[in-house]
Amino acid sequence: MNPFFRVPSEPIPFDQITTDLIAEAAQRARDEALQLKARILETDVADKARLMLKDEMRFVMDRVLSPLYLLNETHPDATIRSACQQAVQDLFTFLNALALDEELFQSLDAFNREVQEGRVSLDSLELRYLDKSMDYYLKNGFKLSAEDRTTLQEIDDQLSARELQFNKNISECNDSLIAQEAELDGLTDDFKSRHRQPDGTYKITVQTPSYMPVMKFAKSEDLRKRLYYLYNNRAKDKNGTLLEEILELRSKRTRLLGHDTFAKYQLDSVMAKEPGKVWDFYDELSRRVVDKAQRDYDALKTYAAKGEVAAWDKLFVTEAYREAEFQLNEEELKAYFPLDRALDGIFSVAQTLYDIEFREHSELPVWHDTVRAFEVVRDGKRCGLFYLDFFPRENKYSHAACFDIQPGKRLGDGEYATPTAALVCNFTEPSENRPSLLTHNDVETLFHEFGHLMHQLLTTSPLSTFAGTNVMRDFVEMPSQIMEHWVWERASLKTFARHYQTGEVIPDALVDKLLATKHLNSGINTQQQLFYGVIDMTLHDRYRPGEGQSINALVMDLQREHTLFEPMPDTHFEAGFGHLVGYAAGYYGYLWSRVFADDMFSRFKQAGLFDTATGRALRDQVLAKGNTEEPMELIQAFLGREPNMDAFLQNLGV
């Protein structure tokens with residue numbers, strides 16, 4: 001049996017995957033989708049199967065496409081990655097054609113008329129699915145002529161190929177520099193041992209476990225400057241041109257569909273509804289944080305005794321200032337955050353709040369020998385599967401993300417397909433002398449991504465289209481951001497933060513120092529997030545592709561306008577900004593949804609960090625629902641009121 005077509009309640013046997021089976025799975029997914037199309041067209045015009053089989057079609061595609069996309073980003077074998085990339089591209093092309101399939105649209109349109117004229121009765125979920133499906137068709141080309149739809153499909157095929165390649169170029173960027181012993185003054189012996197080469201020099205890469213310690217602790221400004229330059233030029237030779245092509249194709253697509261900008265096209269189906277609300281949100285937030293950001297910058301500048309703080313000095317000066325002002329040393333703090341303890345921490349929080357249990361299964365096949373597999377058990381029954389891929393390696397996805405593998409769905413036999421996902425991170429590997437030790441920021445990242453994982457795995461949506469994280473882009477970060485709060489709470493930290501050598505619980509004095517830094521650089525950091533979001537919104541709402549404007553010059557200008565740090569000349573941050581593909585015109589969602597996350601956490605502050613009733617309310621009223629209801633309805637149901645920005649601003653310290 002092809003490993004991608006196992007029983008939907010069982011895990012994928014990743015050890016059986018070959019290039020031939022990848023191609024076979026992609027072809028079989030297409031064949032099964034076409035068989036479902038034929039069934040749709042054969043059903044009576046008033047049969048609900050015309051609607052519900054569309055979700056079955058999506059499920060068939062997702063349970064092959066999603067793991068292929070994951071393996072394209074993580075598998076250690078280049079031939080497997082290449083086969084996955086080709087299969088993913090072929091499936092994207094097929095899906096682009098399905099999205100513009102005239103027969104499928106006409107069949108659903110006829111069914112919709114039956115509903116509108118009262119001859120078919122639907123429940124609220126079915127009606128929502130019908131409305132969303134019709135909106136999707138009409139938004140994606142069925143108001144166009146047949147000739148224009150053909151053009152649209154050609155654009156979509158070109159666009160998906162370029163977007164896939166853009167991300168792959170970032171993942172496969174293994175740029176490095178060679179440093180001498182003297183340049184590593186300020187870095188730990190452990191760091192040096194991990195990076196030392198046989199000739200006594202040190203190889204420093206742009207991967208996070210290598211990049212971040214150098215930027216924070218290397219006393220050599222020249223080394224920091226060289227590495228910053230390298231990092232901010234990742235994939236520049238390939239992705240600069242690709243980004244221009246992507247934006248041009250998105251613009252062509254937008255104009256063909258009758259919209260002024262890509263942002264207007266994207267936002268009319270999410271919470272924000274239109275770009276003006278995003279720009280207003282950014283303007284208001286920028287106004288709120290400008291004074292705090294200036295105070296942050298002035299504090300760093302005064303400490304460094306410099307007229308200005310360079311972008312490549314920001315992290316170094318911040319860490320030195322943190323230690324001098326708050327007596328908080330990252331190395332001392334890391335000793336209390338061995339990866340396994342941090343994992344125990346998020347496991348304990350999630351299991352307590354959501355009334356579930358995690359069980360490791362070391363016998364399950366995985367795609368790399370460092371990957372771990374777990375099942376989620378609820379009421380004695382498996383309700384989810386997940387994998388943890390925590391350490392960096394060449395050609396692996398270089399950031400942190402939750403990858404879907406199989407969505408939840410109520411199957412025809414009444415069983416529920418097991419939601420399956422993977423957390424992919426890049427934490428420091430364990431060595432012979434000590435385990436993987438996390439920074440507090442790493443712990444926050446772990447809790448954040450685990451929030452996405454819980455959203456994915458605790459779904460109860462009958463439809464895969466609405467399951468898990470298949471929600472509006474400007475809401476999807478809420479379940480992850482709310483989990484970050486537990487790493488800033490004393491009671492939570494004391495349950496898992498223990499010294500990796502002695503087992504000592506993190507001392508209150510050290511927790512005091514950590515909590516005192518909560519608002520350190522909060523203004524600067526918020527401006528940085530605003531800068532990222534404004535790049536995204538500007539390129540998709542105000543930039544005009546093909547008119548000769550340099551994207552790189554535009555990004556440089558935006559950095560000057562929205563941050564206090566002068567951009568380094570001849571860098572190309574945008575070439576390595578993968579969110580321009582995955583979050584196109586949607587990066588604002590990180591700050592937008594944080595407003596809701598902070599407000600919703602206030603319920604736990606009132607009821608208790610580990611209050612199971614509140615946790616189950618979050619599970620049942622929000623996470624389990626997926627996109628079966630409007631996000632604002634879920635937020636209001638959980639809060640019992642309208643949301644507000646009070647907690648958000650308080651957490652920023654403004």
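Values computed for the structure shown
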| quantity | calculated |
| --- | --- |
| Filter result (over 22 Å from Phe577 (Cα atoms) and open to solvent by less than 30 Å² (accessible area, probe 1.4 Å)) within region 155-189 | Ile155, Ala179, Leu184, Leu187 |
| Qualifying helices (runs of 4 or more DSSP H) (wholly inside region 590-654; at least 3 residues being within 18 Å of Leu353 (Cα to Cα)) | 612-618, 631-639 |
| Selection from region 105-124 of residues that are open to solvent by less than 40 Å² (accessible area, probe 1.4 Å) and either farther than 19 Å from Ile40 by Cβ or part of a loop (DSSP other than H, G, I, E, B) (or both) | Val120, Leu122 |
| Conditions (1) in contact with a Gly (Cβ under 8 Å, 6 or more places away or on another chain); (2) assigned to a helix (DSSP H, G or I): number failed by Arg234 | (2) |
| Some residue of region 568-583 being hydroxyl-bearing (Ser, Thr, Tyr), within 30 Å of Leu339 (Cα to Cα) and open to solvent by less than 10 Å² (accessible area, probe 1.4 Å) | no |
| Residues of region 267-292 classified as modelled with pLDDT under 95 and not acidic (Asp, Glu), total | 1 |
| Single condition Leu34 does not satisfy, out of (1) in a helix (DSSP H, G or I); (2) of a type outside the set (Gly, Ala, Ser); (3) farther than 30 Å from Glu394 by Cβ; (4) in contact with a helix residue (DSSP H, G or I) (Cβ under 6 Å, 6 or more places away or on another chain) | (4) |
| Residue count for region 603-626, restricted to those that are open to solvent by less than 30 Å² (accessible area, probe 1.4 Å), out of contact with any Gly (no Cβ under 9 Å at 6 or more places or on another chain) and in contact (Cβ under 8 Å) with a residue 40 or more places away in the chain | 6 |
| Among (1) over 27 Å from Asn169 (Cα atoms); (2) assigned to a helix (DSSP H, G or I), the one test that Glu10 misses | (2) |
| Filter result for Phe166 (over 22 Å from Thr43 (Cβ atoms) and at pLDDT 95 or above) | yes |
| Exclusive hit being at pLDDT 95 or above, open to solvent by less than 10 Å² (accessible area, probe 1.4 Å) and part of a helix (DSSP H, G or I), set Leu95, Leu91 | Leu91 |
| The lone exception for Thr241 - which of (1) more than 30 Å from Thr428 (Cα to Cα); (2) out of contact with any Leu (no Cβ under 8 Å at 6 or more places or on another chain); (3) in contact (Cβ under 8 Å) with a residue 60 or more places away in the chain it fails | (3) |
| Where a residue in region 558-575 is touching a residue at least 40 places away in the same chain (Cβ under 8 Å) and its partner, wherever it lies, is assigned to a loop (DSSP other than H, G, I, E, B), with Cβ under 6 Å and at least six apart | Thr571/Asn232; Thr571/Asn233; His572/Asn233; Phe573/Asn232; Ala575/Ala235 |
| Residues being touching a residue at least 12 places away in the same chain (Cβ under 8 Å) and closer than 30 Å to Lys314 by Cα - total across region 245-281 | 3 |
| Hits in region 295-308 (condition: farther than 12 Å from Thr526 by Cα and either open to solvent by less than 80 Å² (accessible area, probe 1.4 Å) or among the hydrophobic types (A, V, I, L, M, F, W, C) (or both)) | Tyr297, Asp298, Ala299, Leu300, Lys301, Ala304, Ala305, Gly307 |
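The values are calculated or read from the model by the stated rules, or taken from the named source; none is laboratory data. Since we're looking at a predicted model, the values are computed, not measured. Every residue, glycine among them, receives a Cβ derived from its backbone with ideal geometry; neighbour counts consider all protein chains shown. These accessible areas exclude ligands, DNA and RNA; they are computed on the full protein's heavy atoms, side chains included. Shrake-Rupley method; radii C 1.70, N 1.55, O 1.52, S 1.80 Å.
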